[in-house]
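Reading through the structure tokens given below for one structure.
The numbers here are math on the coordinates, done by the rules we state, and not lab data. Computed from a predicted model, the values in this text were never measured in an experiment. A quick note on method: Cβ atoms are made from the backbone with ideal geometry, for glycine too, and the neighbour counts reach across all protein chains shown.
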């Protein structure tokens, strides 16, 4: 299983990144509550029709602060289960062009 977590500042292009990943055969979920990440990964591993599941989710500041504080712990738990997990953090410039 491959999991990409897209995060970043408002206006940085998270939705655009998810659209590109979806065009590349990833199953995408926008604005996933961080605490659901382990369950999503576990259930995705059980789905028989996904031989090599590719999932991308966006997680952002709309999560409760205590959920975001636990994010490193959640990420470590996924990696312990041998889930290939990458974090893509997008940034945006505050200055107008």
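What the table below lists for this structure:
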read-out: Dimensionless Rg over Rh [region 9-50; C-alpha; Kirkwood]; value: 1.03
read-out: Förster-model FRET efficiency, 25 Å R0, residue 66 and residue 46, C-beta, rounded to 0.05; value: 0.35
read-out: For region 2-88, the fraction of alpha-carbon pairs in successive 10 Å shells from zero, as %; value: 17, 52, 28, 2
read-out: Extension gain (nm, one decimal) between residue 23 and residue 93, 0.36 nm per residue minus Cα-Cα; value: 22.6 nm
read-out: Mean separation of Cα contacts under 8 Å (6+ apart) over length of region 2-88, as relative contact order %; value: 47 percent
read-out: Order by protection proxy (mean Cβ within 10 Å, highest first), peptides 1-12, 66-77; value: 1-12, 66-77
read-out: Helix-derived mean residue ellipticity, 222 nm - over the chain, DSSP H n ≥ 4, -39500 (n - 2.57), to 500; value: -10000 deg cm²/dmol
read-out: Sorted peptide list for 27-34, 83-90, 55-62, criterion being average Cβ within 10 angstrom, highest first; value: 55-62, 27-34, 83-90
